[in-house]
Amino acid sequence: MSDFYQLSINTLQGNILNFNSFRNKVVLIINTASLCSLTPQLKGFQKLHAKYLKKDLVILACPCNQFGNQEPGNTTDIQNGCLIRYDLDFVFSEKIEVNGKNSHPVFIYLKKQLPGIFGNYIKWNFTKFLIDKKGIPVKRFSPIVTPKSLEKYIVQALNKPII
């Protein structure tokens with residue numbers, strides 16, 4: 001069994017989201033920030049979510065305030081900001097840290113499995129990780145990679161048989 005399925009995170013609403021519920025699904029995890037110049041990518045993620053939800057794609061956005069103080073608000077601010085402004089209905093986690101001693105276990109795991117070009121840390125908002133149906137992280141994408149550019153990788157992962 002993949003170590004990925006042992007992980008969990010709290011949702012923005014305060015519920016525990018066990019990654020075991022992601023078995024046989026493709027998962028895209030993104031560290032986000034409401035005030036980042038890349039925040040409009042959320043519209044593209046919503047389109048991917050709507051298009052591939054019934055084909056077992058899960059998108060998990062993880063708000064983080066470690067880059068340029070671009071996610072300064074609390075849970076209510078995030079819910080009333082990004083979720084409403086962009087009309088989003090994919091899953092958001094509670095606000096977390098992705099680097100440093102308080103890095104969330106999900107990002108400790110992802111960074112270990114798929115380190116970046118310049119080391120084992122997240123360099124900016126909107127770094128993306130694609131996890132296949134077996135719970136294996138298969139690709140890491142830089143912040144500037146657009147949701148539309150990710151679609152071919154998502155489709156590949158969705159179409160890959162589970163053996």
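Taken together, the values in this text are just the output of simple stated rules run on the coordinates, not laboratory data. Since the model is a prediction, treat every value here as computed from it, not as a measurement. Every residue, glycine among them, receives a Cβ derived from its backbone with ideal geometry; neighbour counts consider all protein chains shown.
Taking a spot 7 Å from the Cα of Lys55 along the direction of its beta carbon, which residues of segment 131-158 have an amide N less than 16 Å from it?
Hits in segment 131-158 for Lys55 at 16 Å: 131-133, 147-158.
GNM, the chain, Cα, under 10 Å: largest mean-square fluctuation among Ala61, Ala50, Ala33?
Ala50
Based on the alpha-carbon set only, what is the convex hull volume of the chain divided per residue, in Å³?
On the way: hull volume 17.6 nm³, N = 163.
Spread over its residues, the Cα hull of the chain gives 108 Å³ apiece.
Rounded to the nearest 500, what is the 222 nm mean residue ellipticity of the chain from helices alone, with -39500 (n - 2.57) per DSSP H run of 4+ residues and division by all residues? The partial results should precede the final answer.
Details: 4 runs with 38 residues, N = 163.
Value at 222 nm, helices only: -6500 deg cm²/dmol.
Could you give each residue of segment 40-46 its phi-based ³J(HN,Hα) in whole Hz, using Karplus coefficients 6.51, -1.76, 1.60 with θ = phi - 60°, and x for Gly or Pro?
So the Karplus estimates, Gly and Pro as x, are x, 4, 4, 4, x, 5, 5 Hz.
Would you mind calculating the relative contact order of the chain from Cα pairs under 8 angstrom and at least 6 residues apart, reporting the percent as a whole number?
So the answer I get is 30 percent.
When the chain is fully extended, how far beyond the present Cα-Cα distance does Gln79 get from Lys112, taking 0.36 nm per residue of separation?
Extra length from Gln79 to Lys112 when fully extended: 8.9 nm.
Compute the distribution of all C-alpha to C-alpha distances in segment 22-70, in bins of 5 Å from 0, and list the percent of pairs in each, rounded to whole numbers.
5, 21, 27, 19, 14, 10, 4, 1
Of the listed pairs Lys95/Lys133; Lys25/Lys160; Lys111/Lys148; Lys51/Lys133; Lys101/Lys139; Lys51/Lys111, which have alpha-carbon separations greater than 20 Å here?
From Lys95/Lys133; Lys25/Lys160; Lys111/Lys148; Lys51/Lys133; Lys101/Lys139; Lys51/Lys111, over 20 Å: Lys95/Lys133; Lys111/Lys148; Lys101/Lys139; Lys51/Lys111.
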